Amino acid sequence: MTSKTTRRSQAWFGRQDKMGFYYRSFLKNSGAPQDQFDGRPVIGICNTWSELNPCNAHFRTIAEHVRLGVLDAGGFPLEFPVSSLGEVTMRPTAMLFRNLASMDVEEGIRAHPLDGVVLLMGCDKTTPALLMGAASADLPTIGVSGGPQLRGMYQGRAIGSGTNIISMSEQLRAGEITLEEFHEAESAMNRSSGHCMTMGTASSMASMVEALGVGLPGNAAIPAVDARRNNLARMAGRRIVSMVEEDLVLSKILMRPAFENAIRTLAAIGGSTNAVVHLLAIAGRIGVELTLDDFDHLGRDVHCLVDLMPSGRFLMEDFYYAGGLPAVLRALGEKGILHKDAPTVNGTTIWDNVKDAPCWNREVITPFEAPFKPDAGIAILRGNLAPDGAVIKPSAASPELMKHTGRAVVFESIEDLHHRIDDDDLDIDASCIMVLKHCGPKGYPGMAEVGNMPLPRKLLRQGVRDMVRISDARMSGTAYGTVVLHVAPEASAGGPLALVENGDLIMLDVVARQLHLHVDEATLRARRAAWTPPAPHADRGYAKLYIDHVLQADRGADLDFLVGKSGSPVPRDNH
């Protein structure tokens, strides 16, 4: 328990001297009366609102409801902005800036007179960035996601962000739809505030917030424009004040059982492969030992229970109406694969939160005994092509390609891929394996979502809709296909992927967890001797810092000097 006199904010506001005058007087210009500084919890509302990030464009409203909740509970709310990472607008990739935003969050929390913090996040990278920064600062913290958009509706059927962008762009390239139809679908897809309404990275990470115990029950799926989203924000504002009084810091929530619950939940919802990189990074910040192998052995026998795009048919709005994540967590608990005593931010265990959760639609959330897709957790592959691991999402892959050997067709860069992919003379057929290099953390830089390479136009015309694709890149959580991602070490760091040549045979066996390049060691040694590292993409600024210090995908692609936490000691005075 914390007392008024021991709270961080009192090192600023509780002083009766020159510096106390200084700290209090400037905040009084907003109309704050003297009793606001009497030792009540000061709560930071960490806001990622930005017009350049349409997924988070409603966060001014969310923040206001958090503010009301803090005031309801007798706290002192102070909103502050941090970098907002818009997945749809930022180049070369929002992932390049995830670690930078996490630094913004960590240092912003530590530098200011805050006793607790509410994190407002929604779009893909804002969630892990805020959690990483908050983990390093380790104050009482609660997460509030912005919620998914309403389902897209086009020509009388539901369409999903990302998933149908990919499918309809390939229909356009194959000549199956017109440009006018393409544009009409654009206007029908994103029709409300909120993040992607498929089970992409944004929805997966909102689910991780809830499964980790950092968000209130229901956080993952309430639509952004549903009044219950605002109510959840207000309840979070109330609860964070009590968390400060209880000294319920983030490290008391984010313990090993919480991460194991999150990994199994990720499998059960058919979640994004990006969550692997993000959970590894968050664990690294809070000091929990987590590895790629944990994702494999913890998620291996967990069925996918949720029939949502990109793996299935429905969308997040349907998921919420069916019972949302609490119904999934209850199913895991009843099967004995949930750490029921894991603490959560509302002061009770995760099992107390979900043990009576109803399911209203068994088409959307299937029972464990009759799952949507059995044994569909994230698979971790290893072999001479990925000695430090690679990932694949079986629930979004084609069953007939899960064991496949094919001839490599190699693209040395994303520009090489774009230049040649629609060339009718490209030497490729449906049995080939597409290989993309130099798109990992250092190589892009930032490990962009380009791993689900577009299929060659000549094969699309033949009706081909999936092929095995391998890269050191990521792919959008809204994407689908038999796509091997996060190959580590990456090509630009000298990993074996850099040595693959056209015509090499590659074997993928997902059940056996193998990814093997059928080239003898002597040939690989000769190729390595002739290999020249690519020139770095930047010689100054943050991009150079990133390239020089980023860890590989199997370690979460964090910056090496950010791993671990520093807590929130009160800094020296500024005058």
- [ ] Take region 521-556 and flag every residue that is among the charged types (D, E, K, R) and within 21 Å of the chain's Cα centre (by Cα).
- [x] Asp554, Arg555
Open item on the list: Taking the condition of being assigned to a loop (DSSP other than H, G, I, E, B), touching a Ser or Thr at 6+ places or on another chain (Cβ under 8 Å) and open to solvent by less than 10 Å² (accessible area, probe 1.4 Å), how many residues in region 188-212 meet it?
Closed with: 4
Open item on the list: Let me confirm something: among Asn230, Asn261, Asn274, which residue is under 22 Å from Glu79 (Cβ atoms) and either among the polar types (S, T, N, Q) or surrounded by fewer than 24 Cβ atoms within 10 Å (Cβ to Cβ) (or both)?
Closed with: Asn230
TODO: Restrict the check to region 90-106 and report whether at least one residue is open to solvent by less than 30 Å² (accessible area, probe 1.4 Å) and either of a type in the set (Asp, Glu) or in contact with a Ser or Thr (Cβ under 6 Å, 6 or more places away or on another chain) (or both).
DONE: yes
Open item on the list: I'd like to know if region 516-539 contains one or more residues that are more than 30 Å from Pro148 (Cβ to Cβ), touching a strand residue (DSSP E or B) at 6+ places or on another chain (Cβ under 9 Å) and crowded, with 19+ Cβ neighbours inside 10 Å.
Closed with: yes
Task: Top-ranked residue in region 293-319 [being over 13 Å from Glu363 (Cα atoms), of a type outside the set (A, V, I, L, M) and part of a helix (DSSP H, G or I); ranked as most open to solvent (accessible area, probe 1.4 Å)] - done: His297
TODO: Give the residues of region 363-393 that are open to solvent by 40 Å² or more (accessible area, probe 1.4 Å), assigned to a strand (DSSP E or B) and in contact with a Cys (Cβ under 8 Å, 6 or more places away or on another chain), sorted by residue number.
DONE: Lys373
Open item on the list: Which numbered condition in (1) in contact with an Asp or Glu (Cβ under 8 Å, 6 or more places away or on another chain); (2) under 26 Å from Gly406 (Cβ atoms); (3) open to solvent by less than 40 Å² (accessible area, probe 1.4 Å) is the only one that Ile506 fails?
Closed with: (1)
Task: Qualifying residue in region 442-465 (condition: open to solvent by less than 10 Å² (accessible area, probe 1.4 Å), charged (D, E, K, R) and over 25 Å from Ile159 (Cα atoms)) - done: no
Task: Condition broken by Ala479, with the remaining ones in (1) open to solvent by less than 10 Å² (accessible area, probe 1.4 Å); (2) closer than 24 Å to Phe97 by Cβ; (3) out of contact with any Ser or Thr (no Cβ under 6 Å at 6 or more places or on another chain); (4) at pLDDT 95 or above satisfied - done: (4)
Open item on the list: When you scan region 67-77, do you find a residue that is closer than 20 Å to Gly108 by Cβ, free of Cβ contacts under 8 Å to residues at least 60 places away in the same chain and of a type in the set (Val, Ile, Thr), even just one?
Closed with: no
TODO: Just one of (1) surrounded by fewer than 24 Cβ atoms within 10 Å (Cβ to Cβ); (2) in contact with a strand residue (DSSP E or B) (Cβ under 9 Å, 6 or more places away or on another chain); (3) assigned to a loop (DSSP other than H, G, I, E, B) trips up Ala488, so point out which.
DONE: (1)
TODO: Name, by its number, the condition in (1) surrounded by fewer than 18 Cβ atoms within 10 Å (Cβ to Cβ); (2) assigned to a loop (DSSP other than H, G, I, E, B) that does not hold for Lys544.
DONE: (2)
Open item on the list: If I filter region 461-484 for residues that are in a helix (DSSP H, G or I), over 24 Å from Ser395 (Cα atoms) and not acidic (Asp, Glu), do I get at least one hit?
Closed with: no
TODO: Could you tell me whether Leu71 is open to solvent by 40 Å² or more (accessible area, probe 1.4 Å) and over 30 Å from Leu315 (Cβ atoms)?
DONE: yes
Task: Residue ID - most open to solvent (accessible area, probe 1.4 Å), chosen from residues in region 145-182 that are β-branched (Val, Ile, Thr) and either touching a residue at least 12 places away in the same chain (Cβ under 8 Å) or assigned to a helix (DSSP H, G or I) (or both) - done: Ile165
- [ ] For Val409, indicate whether it is at pLDDT 95 or above, hydrophobic (A, V, I, L, M, F, W, C) and not in a loop (DSSP other than H, G, I, E, B).
- [x] yes
TODO: Output yes when any residue across region 133-142 is open to solvent by less than 10 Å² (accessible area, probe 1.4 Å), touching a Lys or Arg at 6+ places or on another chain (Cβ under 8 Å) and among the β-branched types (Val, Ile, Thr), and no when none is.
DONE: yes
Task: Among the residues listed as Trp360, Trp351, the single one being assigned to a helix (DSSP H, G or I), in contact with a helix residue (DSSP H, G or I) (Cβ under 9 Å, 6 or more places away or on another chain), open to solvent by 20 Å² or more (accessible area, probe 1.4 Å) and not charged (D, E, K, R) - done: Trp351
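The values are calculated or read from the model by the stated rules, or taken from the named source; none is laboratory data. The shown structure was predicted, so the numbers you read here are calculated from the model rather than taken from an experiment. Don't worry about glycine lacking a Cβ; one is built from the backbone with ideal geometry, like all the others, and counts go over all protein chains shown. What goes into the accessible areas is simple: the full protein's heavy atoms, side chains included, and nothing from ligands, DNA or RNA. Shrake-Rupley method; radii C 1.70, N 1.55, O 1.52, S 1.80 Å.
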